[in-house]
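Working notes for the structure below.
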Amino acid sequence: MMQSLRLARNAISGTLLFLTSVLFSNSLLAGSWQNNVNIGGFNKVHIYTPDTTSAIGDGKGLLLVLHGCTQSIDAYLTANLEDAAEQYGLVIAVPDAMNKAGFSCWSYWQGAKSRSAGDYKNLITLANTLSSDSSRNIDPDQVYIAGLSSGAAFANTTACLAPDVFAGMGISAGPSIGTSSSGAIGPCESADVAARCSQYGGSYGSHFDTQIASIAQGENDTTVNLCYNQQNADGMAELYGISQLPGTNTLSEGPSNTARETQWQDGRVTMLWFDNLDHSWSGGQGASGSYVNGNSINYASYLGQYFLDNNQRVDRNAGPVLANVQFSANGSQITISGSATDAEGSVLDVSASISGPVNDTLSGNVNGSNQFTLVSGSLPDGLYTVVVVATDDENKQGDPATGQVRVGPEPPATAPDLSDIAVVVQGQCATVTGKVTDVNLNLDTVEV
């Protein structure tokens, strides 16, 4: 099979780097489930890898979802997790607990609470293994953990043990950390969630400053005491040192799938009540399965938006944006003009690097209308490549603008020159790269 790459004509392109991928069959990873994967200390993990990437940070996010008691991880194959994965660029991994307690629960009330113990160790290893796999393109600043019931309590404990690994959590119908197994279904056990979580974090406690938490439960839950929803939200807010905001938001998906949301400062903590939901994972309309219910909103999608909006660890400064950049030769000088704007602050500097028969570097500022003009000194005849970069007041550079300018007369018509051609094959995909140079600056197309 051959794929043809045609590059549109660009009047200022003399030297052009190109890349194209020839796809022979669908990838085994993107946009699909891999089931029962042995990875990160677990014998069975269902992994969904989306085609999309996160709108923030660098790459995809990662969300671990922990099952509840008596619940198979297969139930999450019909829980609409794919919707959240594709919409928010989240790799979703659903592990089957290795060290289960009675009723196939995650054993949150048993054993040592330690980064090196049992399934706590396995979950940290799973997160680090997936995020360090370059083929999955996961941003380590966008790693999250969620769960239902015993899985929620275990997820909360794990996020407290490893706040450096987990930037956020989603705790659905989970007993408070450190409570007993009987406390989940009996009278509410009072728990100092903030003190326990802080203790678990130990020397990693500084990472709580940038961690976020969503706490949720169905209003019709008769399995786990409803007291834990507020207790968990208040406890995490106390740990983070933030105050509750007034009012409640109503969230809707379709005509009848609703939930109520309470927020804390800076979006660091939210608490949800899922309307018309029992003790189940809230999968949104069409979701079904063991302890998976479609009566309320899609919690995974809610988490995707919540993490996108409130992640405290990604660099949200995109740098200045260059626009309408023009390159021209005036006699023996090159003039570069355009605009540079910065949404988060101000433009500190605009610089241009000129390379060719001689090299030069220019620097200047924008005026009150965000316009700039840079003019080189006298240059000998020849073809020059110009790279323009703007820097903001936080020393963040934006995407560069590149152009080519000829000083002096144009040479005779010459065919484009190809160089540095390379082909790399990975799985069923061949990537072709190279460089094409057209000294006449009238390149039309390149075909592979």
>> Taking C-beta distances below 4.7 angstrom as the pairing criterion, name the unpartnered cysteines of the chain, in sequence order.
In response: C429
>> About the Cα centre, and with charges only on the beta carbon of Lys, Arg (+1) and Asp, Glu (-1), how big is the dipole of region 366-448? Nearest 20 debye, please.
In response: 60 debye
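Ignoring ligands, DNA and RNA, what percent of the 1.4 Å accessible area of the chain is carbon and sulfur? Write down the numbers at each step before the final one.
Values: 9120 of 19250 Å².
Of all accessible area on the chain, carbon and sulfur atoms account for 47 percent.
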> Summing +1 for each Lys or Arg and -1 for each Asp or Glu, what net charge is found among the other residues whose Cβ lies under 12 Å from the Cβ of G284?
Replying inline: -3
> Classify region 227-280: rounded, prolate or oblate, from the alpha-carbon gyration tensor (a ≥ b ≥ c, eigenvalue square roots; a/c under 1.5 rounded; otherwise prolate if a/b is larger than b/c)?
Replying inline: oblate
> Highest GNM mean-square fluctuation, the chain, Cα pairs closer than 10 Å: which of R406, R136, R196?
Replying inline: R406
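If you place +1 on the Cβ of every Lys and Arg, -1 on the Cβ of every Asp and Glu, and leave all else neutral, what size is the dipole of the chain about its Cα centre, to the nearest 20 Debye? Could the numbers behind the result be given before it?
On the way: 17 positive and 41 negative charges, 169 e Å.
For the chain, the charge dipole is close to 820 debye.
Give me the dipole magnitude in Debye, nearest 20, for region 165-250 about the Cα centre, with unit charges on the beta carbon: positive for Lys and Arg, negative for Asp and Glu.
The dipole of region 165-250 has a size of about 140 debye.
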>> Quick check: residue separation of S182 and D417 times 0.36 nm, minus the Cα distance between them. What number comes out in nm?
In response: 77.1 nm
>> Which of A422, A352, A75 ends up with the largest GNM mean-square fluctuation for the chain, with Cα atoms connected below 10 Å?
In response: A422
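Provide the FRET efficiency to the nearest 0.05 for the S104-V321 pair, computing r from the beta carbons and using R0 = 45 Å.
Details: r = 52 Å, r/R0 = 1.16.
FRET efficiency, S104 to V321: 0.30.
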>> Which three extents, in angstrom, do the Cα atoms of the chain have along their principal axes, listed largest first?
In response: 88, 54, 46
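May I ask you to derive the relative contact order of region 191-283, considering only C-alpha pairs under 8 Å and at least 6 residues apart, and to give it as an integer percent? Don't skip to the end; give the middle numbers.
Numbers: 147 pairs, mean separation 32.8, N = 93.
The value is 35 percent.
Per residue, how much accessible surface does the chain expose to a 1.4 Å probe? Answer in Å², no decimals. Provide the component values of the computation, followed by the final result.
Working: 19250 Å² over 448 residues.
Ligands and nucleic acids excluded, the result is 43 Å² per residue.
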> Picking from S135, S252, S282, which is most flexible by a Gaussian network model of the chain using Cα springs under 10 Å?
Replying inline: S135
>> Apply the a/c threshold of 1.5 to the C-alpha gyration tensor of region 137-228 and tell me whether it is rounded, prolate or oblate.
In response: oblate
> What is the distance, in nm, between label points placed 7 Å from the Cα along the Cα-to-Cβ direction at Q333 and at N367?
Replying inline: 1.5 nm
> When Lys and Arg each count +1 and Asp and Glu each count -1, what net charge do the other residues less than 10 Å away from N249, Cβ to Cβ, add up to?
Replying inline: 0
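In terms of the Cα gyration tensor, with a ≥ b ≥ c the square roots of its eigenvalues, is region 394-445 rounded because a/c is under 1.5, prolate because a/b exceeds b/c, or oblate? Working shown, then result.
Values: a/c = 3.71, a/b = 1.20, b/c = 3.08.
It comes out oblate by the Cα gyration axes.
The values are calculated or read from the model by the stated rules, or taken from the named source; none is laboratory data. What you see is a predicted model; the values in this text were computed from it and never measured. Here Cβ is always computed from backbone atoms with ideal geometry, including for glycine, and neighbour counts include all displayed protein chains. Protein only, heavy atoms only, side chains kept; ligands, DNA and RNA dropped before computing areas. Shrake-Rupley method; radii C 1.70, N 1.55, O 1.52, S 1.80 Å.
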